[in-house]
Structure formats: structure tokens, C-alpha cells
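To keep things clear, I will list the structure first and then write my remarks on it.
The values are calculated or read from the model by the stated rules, or taken from the named source; none is laboratory data. Predicted, not measured: the structure shown is a model, and the values here were computed from it. Quick reminder, even Gly has a Cβ in these numbers, built from the backbone with ideal geometry, and neighbours come from all protein chains shown.
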Amino acid sequence: MSPAAPPGSSALRVWAPAFGAGAVLAAVIGAAAVGLALAVGRADLAGLVGDAYVLGVLRFTVWQALLSAALALVLAIPVARALARRPAFPGRAVLVRLLGLPMVIPVIVGVLGIVAVYGRSGAINDALEAAGLPRLLDIYGLSGILIAHVFFNMPFATRLLLQAWAGVPAETWRQAAQLGMSGPQIFRIIEWPLIRAAAPGIAALIFLLCFTSFAVVLVLGGGPPNATLEVAIYQALRFEFDLPRVIAFAILQVAVCAALVAFIQRLARPMAMEAGLAAPAPRPDGHDALARIGDGVAIAFGAAVLGLPLIAIVTAGLTGPIGAVVSDPVFLEATRNSILVGLSAGALSLLLGAGILATSRRLRVGLWRPGQAETLEIAASLVLVVPPFVIGAGLFVLLRSIGDAFAFGLVVTAIVNALMGLPFVLRILGPPATRSLADTGRLADSLGMTGLMRLRLIEIPRLRRPAALAFAVATALSLGDLGVIALFGSAGNRTLPLHVYQLMGTYRTGEAAVGALALVVLCVVLFVVIERGIGGRGDD
Amino acid sequence: MIELDGVVFRYEAMRMAFDLRAEAGTFAVVIGPSGAGKSTLLNLIAGFDAPESGAVRLAGRDVTRLAPAERPVTMLFQAHNVFAHLSVADNVGLGIHPGLRLSAEDRRRVSGALDRLGLSGFERRRPGELSGGERQRVALARSLVRDRPILLLDEPFAALDPARRREMTSLVDSLRRERGLTVLLVSHQIEDVRAVADRALFVHGGRIVADAAPESLIAAPPTAEVAAYFG
């Protein structure tokens, strides 16, 4: 039995904000579903899902995601272990920070960096030729997809593993020292169980990211046999307009993603861990020459996988035809479109997230219904299960039956990107919003502070910074996204990522590199402007 | 026997200096305010902290330069004395072989140590299924199979309720008598140990400022700091 609701918190007042946000979500997803349902009327679904071509795409999608997740994780283990064993070397802090970069730079930019390093006319082939060897590397196809997925996900996996290592209490290292454990014994008895506990969750997350991979596969897949479901949806819509197939792909995509998300949620239960109480203690192992060399090699390898494409992005961008690119009206228009789409998506995402949180935090604090709050937040995050591309495809079909789908391109992109950013907004804004209510709710209620007064005097000062961060993250995500815009994009409504993709597709490599660097700069500038401009400088 | 000879250790701005002599078989309780250096004193003996100068002699041997595993010491911490993913038997077995290569005879020794600590039949259990007191008993069982003459206890019973705490303290005391252990126990509850400890070391500002029988320390605090500590 939950205690009686405090006075002044009628069900309507508690649930209204979430209903508002939910209505928007339901409208978008519902419209997409209607769009797909309209097409389904004429199709034999069972036959389509069992179609050999469709199953072939599914098989490739799963296979490349499996390989990518396995490679990223297996390569991340020695890098993470070496970083965990070497808590202080020059450049370590920078390297660990850079590990977060591939997750946030626009995918098309990362792909460009990969091509510049590993591509046919990339740096490695140049080096091979200079050494008198044939240009061996050809990355179009599965190998290119895997290299790119390792670039994007291995650093991510390394960071997650490092967190697992950081959770080892200092007492454990002292215990190992006291018991006289050797390096291999420490690995077997302390670290391997740690890795085994963390690995399934990390692998499932990377599998999900690679399963829904679009831009990487679009650029590096090298043609029809190598398509993920997302790319196949894109091709079926854009080139063949084969709606029944789109539906079949969408059903498979949603089914697999839903299963995966359920699996990840189940794994996400936090381990029962008592916090360590002792002061940080050094590890007793890793002092011999062999361990030093091994760790050095692992760290250098990780730094190269991460760093080479990043360096290539910057140098190729700076040495490209900067003047010609930035004075190109198409570039300017794409930049303007990107800023508009990014800011609208970010703002809408923040608004939806705030609506959901206004309700869920009330449920958590004061009403003692954390279960309902949890359900509400998970329901909102279910957007992750319905991939943006499926929503985009549904809206595309619906709008096409009404009028010119391409005319709505930017609006649809902004809406879909806003949904995509929603889970991030909930993650960033949720905990401080709940804390704010828990800390100030009773006092504000007792003083009779309500409505705008409360917003101005309590919520804005307290939540300005996390709200600005959530806005900035959602905006940056949308800004760099090459997803649904590829479906809707046409002359006149290109975004910057689409422009870069089209430049790459027409082999205007130099211009593409400049555009990619400009996109990164734009992301960083908008991020900083929003985070500092709205969030304020703050004292922390 | 524990001997600290002009041992100096610096932690940030704090300079600590310890001199101590404790005969084999001593049970000393270490008390003092938080941050006074009680844990550091134990860490210096166990080898987790290395002194800037001075010598640490244990059981007649200079161990100042030796690694923790090479010293005749077992130390129990306030928490995390056992590995949550290993069974109780494996946790104890680590004290015999740190890579868990255990013979049948070793397994029997593990069971014997568990029996002695009232944990018969607990071999296959996981620490997660045990109470806080039982987990610390597992750690004590490991100290039995390690068979080192010095036992350092850094508040391992602080999280237990008063009855459990007294029970554990008298258990440690009976182990000391059976095996002739030298015991140093950091505690904030001098009441729990006044019956068993022969000495109380009062640490303040990185020094042992008082060293007397617990009873006399409580009855007649020798310095203002000690009096302030008891309140």
C-alpha cells in the first residue's frame, strides 16, 4: 500500500505533462505505423519475412554485428587492462578522454577518417607503396564495415571496461599484494571474473549499435550484398520503392531490437557492491619488463586505432580546398539547414523529456510510486526499440500518399532526431530533476510556491546546467546524424552530413574532408554555445 | 613481535612518526580520532605503505624493504576482505595458494579452519549469502591457513552490531591464545575490547601519544587529547 497522495497532487496534475509528451510520441510513431500499415494492406507478410533476399539481409546484418561486437570487445580488453594497470603516464588523461570521441563525432566524419587512413588511396596504402609494396588494402565490403565499427566501438568498450576496473575496491589490490598474487593470478582470480561480468552487457550494446548501423554500411558496404536492414530499407524506399519489402525489413528490425533491448535491460541490474573504504592502493603486479612492454604495445595499439582516423580528419580537412567549399552556396544552405534541424530537434527533445520527467519525478518523490515512474521512463526510451529509420520510413510512406514527401524532409528529420535524443535527455536530466524535487519539494509546497514562480526561483536555477547539457547533447546528435535525411534529402533540403556524403559519393574527396571538418567544428561550437550560453559558466 | 624504530611516513602535509614495541602474544587495541594515522600505522607494518626512514622489524627480522606477501602478517580490512565471486572455500584457499592450486590435503585444511570459526559446511556458499559477521569469519579462517604470527585488524568489526562485535573480539582473543598471535586491532569501541586487550595505543596527529592498559587509559586519561577523545 502506498501512502495517501499529498493534497494538491491530483492524478490530472501529476500525469498531464507526461500525457502531453506521450501524445507527441504516440502521434509520430502512430503516423509511421499507419504509413506502414497502408502499404501492408496489399502484401503477404509471412511470405515477405521468409523471402530469401530479406533473410539474406538479416543474416548479413546479424553476422557483421556479431563480428563487430566480438572484435571491438576482444581488442578492448588488453587496452583497458593496460590502461587500468598504468594509472599514471604522460598523455593518459588525454587518451582516456579521447576514447569518448568516436561515440560523439558524426558517423559520416568518422567514416571519412577511416577511408583516409585505410582506403584505396589512404595513408596506409601510400606507405605500402612508398616501401615498394603493392597497395594491399581495399576496405569496401565486410572488412571496411568491421574496421569502422571497431573504430567507433572499441574505444567505447574500453571506457566501459575501465569503469569496471575502477569499481575494484582498493582493499582488493591490498589483498592481492598480501596474498602474493602474480600478474597472471591476478588476471585469473580478480580481472577475468570482472570482464566476464561486464562483457555480455557491453557486447549486447555494441551489437545493437552495429545491428542498426546505417551510414557506415551505406558508405563502406560496397553494394547490395553487404546491406544491413537499415540500408536495405533505405534502398528499397529510395530506389525501388518496394514497400512490402520495407515492411518486412522493419518488422525484423523492430523484433530483433526489442529482444536485444529487453536483454540489455535485464543485464543492467546493478551488482551488489559495497563501496571500498580504504585509500586508493597501487596494484602489486605489472612491474617486470615483459608486462611493461605488453602494456605499452596494447596502449599504442589502442591509441593508433583511435588516433589515426582522427588525425586524418583534421589534416585532410585543413589541407583541402577550404575557400572553395565554404563559399559554395550548397554548403552554406546545408549548414543553415543543419543548424535549424539540430536546434529544433534538441529543443523538442528537451521539451518531451521535461514533460515525461515532470510526471515521473512526482511519482518517485512524494507519491512513492517508483515502479510507475520507472515504467514511464522505460516506455519513453522504447523509442530506441523502434529505430529512427523505421519511423522515418513509415512517415515517408504516409507523407508520400499525401503529397511530396521530400518537401517535409527537414521537419521529419528534426522530429525523428528529437525522438532519438530523448533517451539521452532522460538520462542526463532525470537524476538532477528528481533530486531537485526531493530536496526542495516540501519546502516549496509549504511556502505555497507554484507555477511560474517555482520555475523561476527553484527549477531554473537548479536545473539550468543539466537541462543545457541535455539540450546540447540532443542538438549535437541530430546535427551529425546521417539517417532519415538520406531518405528525404533532395536538392534544397540537404543537411551538412548529407552534403558530405554526397561529396564522398562523387569522389570529391578534398571537398568532403573540408565539409567533414566543418561539421565537427559546427557540432563543437553549437555544443559549447548551448552548454555555456544556457547553462552558464557555473562554479564547478 | 612487532618493532617500529623511528618509522617516518609523510602523507600530503602530515608527517607521522611511530615507535612501537609489542611482544609476541600481545593484544593491543589502537584508538584515536579519525585521520590520526591508525590505519597508516597498520599499513606500515603490513607493507602497504613504505616508510621514508626508520625500520620495521617483525618476529626479529627487518622487513622494511619486503613486499606485503613476504611479511609475517595478515591484515583484515573494514570491508572487501573476501572476493564476492569466489566460494567461501576458495576465498580461504587463497591463503594457501594465491592461484588456487589446492591439493586434497589443502582442501581439508580449509575445511578445518572453517570448522574452527563456526562455519562448518559453508564451503560452497558465496559471500553474498553470508552476513557481515560471517564474511569477516571467512577472512579470519583465511588468516588461520596463512598461519602468520601477526594479525592486524583495521576495524573489521565496525559494521557489526554490539553483541556480534564482542563475539568476534573474543573469537580473535581465543585464536591469539591458541596460536600465540600478536594482535593489533583498530577500534572506536574500546568498551568491546577492554576485557581482552592488554594494551591500548592512543594515536593522535601521526604519533602514538599514549600507551597503557585500557582500564588505566579510561580511568585516568594521561593527556588532554585522550580525555577529549573519551569525552
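If you filter segment B:202-231 down to residues that are of a type in the set (A, V, I, L, M) and assigned to a helix (DSSP H, G or I), you find that the one that is farthest from B:Leu185 (Cα to Cα) is B:Ala224. For A:Arg369, are the conditions met, namely being of a type outside the set (A, V, I, L, M, F, W, C), surrounded by fewer than 19 Cβ atoms within 10 Å (Cβ to Cβ) and either at pLDDT 75 or above or within 17 Å of the chain's Cα centre (by Cα) (or both)? Against the criterion (of a type outside the set (A, V, I, L, M, F, W, C), surrounded by fewer than 19 Cβ atoms within 10 Å (Cβ to Cβ) and either at pLDDT 75 or above or within 17 Å of the chain's Cα centre (by Cα) (or both)), A:Arg369 does not qualify. Just one of the listed residues (B:Ala197, B:Ala159) is in a loop (DSSP other than H, G, I, E, B), of a type outside the set (Phe, Trp, Tyr) and surrounded by fewer than 17 Cβ atoms within 10 Å (Cβ to Cβ), and it is B:Ala159.
The rows are residues; the columns are (1) free of Cβ contacts under 8 Å to residues at least 40 places away in the same chain; (2) within 13 Å of the chain's Cα centre (by Cα).
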| site | (1), (2) |
| --- | --- |
| B:Glu129 | yes, no |
| B:Leu140 | no, yes |
| B:Arg164 | yes, no |
| B:Arg176 | no, yes |
| B:Val186 | no, yes |
| B:Asp198 | no, no |
| B:Tyr229 | no, no |
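Would you please name the residue that is modelled with the highest pLDDT, looking only at residues in segment B:162-194 that are of a type in the set (Gly, Ala, Ser) and outside any helix (DSSP H, G or I)? Among those that are of a type in the set (Gly, Ala, Ser) and outside any helix (DSSP H, G or I), it is B:Gly180. Given the condition buried (at least 18 other Cβ atoms within 10 Å of the Cβ) and at positive phi, answer yes or no: does some residue in segment B:172-187 qualify? The answer is no; no qualifying residue exists.
Residues that are of a type in the set (A, V, I, L, M, F, W, C), in a loop (DSSP other than H, G, I, E, B) and more than 13 Å from chain A (Cβ to nearest Cβ) within segment B:43-62 comprise just one, B:Ala59. Could you tell me whether segment A:139-162 includes any residue that is within 14 Å of chain B (Cβ to nearest Cβ), surrounded by 19 or more Cβ atoms within 10 Å (Cβ to Cβ) and among the hydroxyl-bearing types (Ser, Thr, Tyr)? No - not one qualifying residue is present in segment A:139-162.
A:Glu531: surrounded by fewer than 24 Cβ atoms within 10 Å (Cβ to Cβ), touching a residue at least 24 places away in the same chain (Cβ under 8 Å) and either closer than 15 Å to A:Ile108 by Cβ or aliphatic (A, V, I, L, M) (or both), yes or no? Give the steps one after another, and end with the answer.
Working: surrounded by fewer than 24 Cβ atoms within 10 Å (Cβ to Cβ): yes; touching a residue at least 24 places away in the same chain (Cβ under 8 Å): yes; either closer than 15 Å to A:Ile108 by Cβ or aliphatic (A, V, I, L, M) (or both): no.
Here the answer is no, as A:Glu531 does not meet what is asked.
What helices (runs of 4 or more DSSP H) completely inside segment B:69-152 contain at least 2 residues that are in contact with a helix residue (DSSP H, G or I) (Cβ under 6 Å, 6 or more places away or on another chain) and within 14 Å of another protein chain (Cβ to nearest Cβ)?
On the way: elements: B:88-93, B:104-116, B:132-146.
In segment B:69-152, B:88-93, B:132-146 are the helices (runs of 4 or more DSSP H) which contain 2 or more residues that are in contact with a helix residue (DSSP H, G or I) (Cβ under 6 Å, 6 or more places away or on another chain) and within 14 Å of another protein chain (Cβ to nearest Cβ).
Kindly evaluate B:Pro68 against the criterion of being free of Cβ contacts under 8 Å to residues at least 24 places away in the same chain and either more than 17 Å from B:Val7 (Cβ to Cβ) or buried (at least 18 other Cβ atoms within 10 Å of the Cβ) (or both). If you could, list the steps in order and put the result at the bottom.
Values: free of Cβ contacts under 8 Å to residues at least 24 places away in the same chain: yes; either more than 17 Å from B:Val7 (Cβ to Cβ) or buried (at least 18 other Cβ atoms within 10 Å of the Cβ) (or both): yes.
Here the answer is yes, as B:Pro68 does meet what is asked.
Cβ-Cβ distance below 6 Å, separation of 6 or more or different chains: which pairs start in segment A:505-528 with a residue that is among the charged types (D, E, K, R) and end on one that is buried (at least 20 other Cβ atoms within 10 Å of the Cβ)? What qualifies is A:Glu511/A:Val325; A:Glu511/A:Leu503.
Check A:Ser349, A:Ser338, A:Ser360, A:Ser344 and return the single one that is in contact with a Gly (Cβ under 6 Å, 6 or more places away or on another chain), buried (at least 17 other Cβ atoms within 10 Å of the Cβ), part of a helix (DSSP H, G or I) and polar (S, T, N, Q).
Values: A:Ser338 fails: in contact with a Gly (Cβ under 6 Å, 6 or more places away or on another chain); A:Ser360 fails: in contact with a Gly (Cβ under 6 Å, 6 or more places away or on another chain); A:Ser344 fails: in contact with a Gly (Cβ under 6 Å, 6 or more places away or on another chain).
One residue alone meets the criteria, A:Ser349.
Among A:Pro184, A:Pro193, which is within 14 Å of another protein chain (Cβ to nearest Cβ), farther than 30 Å from A:Ala232 by Cα and either under 31 Å from the mean Cα position of the chain (by Cα) or among the polar types (S, T, N, Q) (or both)?
On the way: A:Pro184 fails: either under 31 Å from the mean Cα position of the chain (by Cα) or among the polar types (S, T, N, Q) (or both).
Just a single option satisfies the conditions, and that option is A:Pro193.
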